[in-house]
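The values are calculated or read from the model by the stated rules, or taken from the named source; none is laboratory data. What you are looking at is a predicted structure, and each value in this text was computed from that prediction instead of being measured. When we count neighbours, we look across all protein chains shown, and the Cβ atoms used for this are built from the backbone with ideal geometry, even at glycine. Keep in mind that these areas ignore ligands, DNA and RNA; they rest on the heavy atoms of the full protein, side chains included. Shrake-Rupley method; radii C 1.70, N 1.55, O 1.52, S 1.80 Å.
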Amino acid sequence: MKELTEIKVYATGKTDPFIESGTPILQIQNGEVNVGRIVYDLNDEWSLHIDHPENNQEVSSLALELLIDKEPKFLKSEKSVIVLCPKRIADKINWHK
């Protein structure tokens, strides 16, 4: 899947296109960006949450710079937009242990 592909998340917990649990994403709203990953709840078939990394502030700053350059339209959205995290940012994420 191409980086910055928009991921629709439905109230049922399903995503379109489907992404695997643990997939790094960018969550964008009102000009702010947070890096995270989609995590499915194994006890509830379609329940999910977004887990944020230890270095969220650092990688979110990198993601903001990238979005300003590549896809500034996402930064103007008042509704939450979720996109696939680019590999060069995902490689810098430090997940909680």
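Restricting the calculation to alpha carbons of the chain gives Rg and Dmax of 12.8, 40 angstrom. Placing +1 on the Cβ of every Lys and Arg and -1 on the Cβ of every Asp and Glu, with nothing else charged, gives the chain a dipole about its Cα centre of roughly 240 debye. Phi-derived couplings, Karplus 6.51 cos²θ - 1.76 cosθ + 1.60 at θ = phi - 60°, listed residue by residue for region 5-20: 5, 6, 10, 7, 10, 9, 4, 6, x, 6, 10, 9, x, 5, 10, 5 Hz, with x used for Gly and Pro. The relative contact order of the chain comes to 36 percent, based on Cα pairs under 8 Å that sit 6 or more residues apart. Straight-line reach from residue 14: taking Cα to Cα under 19 Å and skipping same-chain neighbours fewer than 8 places apart, the aspartates and glutamates in range are 6, 41, 44, 45, 51.
Computed with a 1.4 Å probe over protein heavy atoms only, the accessible surface of the chain comes to 64 Å² per residue.
Bridging of residue 2 to aspartates and glutamates at a Cα separation below 14 Å is possible for 16, 71, once same-chain residues fewer than 8 apart are set aside.
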